[in-house]
Amino acid sequence: IEAHPRTYRCLQKTVELNALNNVITLNVAVHDSNGVIGICDGLSYQSSSIVGGTPVVQVESKPLDDIMKNIGVKNIGLIKINIEGAETAALRGMRETLGMHPHIVVSCHDFIADEGGAPLLKTFDDVKTILIQAGYHLRPPRQDARPWYGYYVYGSKDKRL
């Protein structure tokens with residue numbers, strides 16, 4: 001799933017060139033409601049966020065719970081989320097999905113807010129709370145000097161991991 005149209009075209013091309021016949025690509029923003037949201041359309045893929053910035057491209061948004069039902073996916077081994085500040089909205093739209101799938105990694109962007117970026121990028125504490133409430137056991141952050149490393153959230157339904 002990729003929300004930004006330009007990055008989505010890269011995803012489609014990657015799937016095509018690698019003959020990944022078991023992959024479904026979707027051009028949609030995972031969110032907590034159906035609708036349309038604006039995503040930054042800057043020069044860098046890293047600036048594709050719903051949190052501030054211009055210009056903006058409008059994209060369709062859907063809860064992951066609805067997406068899963070519509071395409072008939074019943075099992076996911078790992079959910080990985082890196083969506084530049086929209087983490088909590090995405091997690092709110094996937095309550096059923098969180099209940100059924102064992103592993104998740106969420107990349108939060110608090111480090112950007114810590115360096116003077118948009119305060120709405122601070123999602124780390126909310127993400128941890130939502131995952132704990134959904135029954136995930138969280139692994140402590142890895143020790144690393146790079147500022148973003150401490151803001152990855154690793155969750156598993158298996159407390160041994």
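Quick notes on this structure:
- Positions within the range 118-161 being open to solvent by 90 Å² or more (accessible area, probe 1.4 Å) and either in contact (Cβ under 8 Å) with a residue 60 or more places away in the chain or closer than 28 Å to Ile39 by Cα (or both), in sequence order: Pro119, Leu120, Lys122, Asp125, Arg146, Trp148
- Residues that are under 21 Å from the mean Cα position of the chain (by Cα) and either touching a residue at least 40 places away in the same chain (Cβ under 8 Å) or under 22 Å from Asn75 (Cβ atoms) (or both) were ranked within the range 11-21; the one that is least open to solvent (accessible area, probe 1.4 Å) is Val15.
- Selection within the range 118-144 - hydrophobic (A, V, I, L, M, F, W, C) and closer than 12 Å to Val106 by Cα: Phe124, Val127, Ile130, Leu131, Leu138
- Some residue of the range 94-112 being over 22 Å from Ala29 (Cα atoms) and of a type in the set (Asp, Glu): no
- The requirement of being over 23 Å from Tyr8 (Cα atoms), modelled with pLDDT under 95 and exposed (fewer than 15 other Cβ atoms within 10 Å of the Cβ) is fulfilled nowhere in the range 55-67; no residue meets it.
- Only one of the numbered conditions (1) at pLDDT 95 or above; (2) over 19 Å from Val36 (Cβ atoms) is violated by Arg92, and that is (2).
The values are calculated or read from the model by the stated rules, or taken from the named source; none is laboratory data. Bear in mind the structure is a predicted one, so any value in this text is a computation, not a measurement. Cβ: placed from backbone, ideal geometry, glycine included. Neighbour counts: every protein chain shown. Each accessible area value is taken on the protein alone, full model and side chains, heavy atoms only, with ligands, DNA and RNA left out. Shrake-Rupley method; radii C 1.70, N 1.55, O 1.52, S 1.80 Å.
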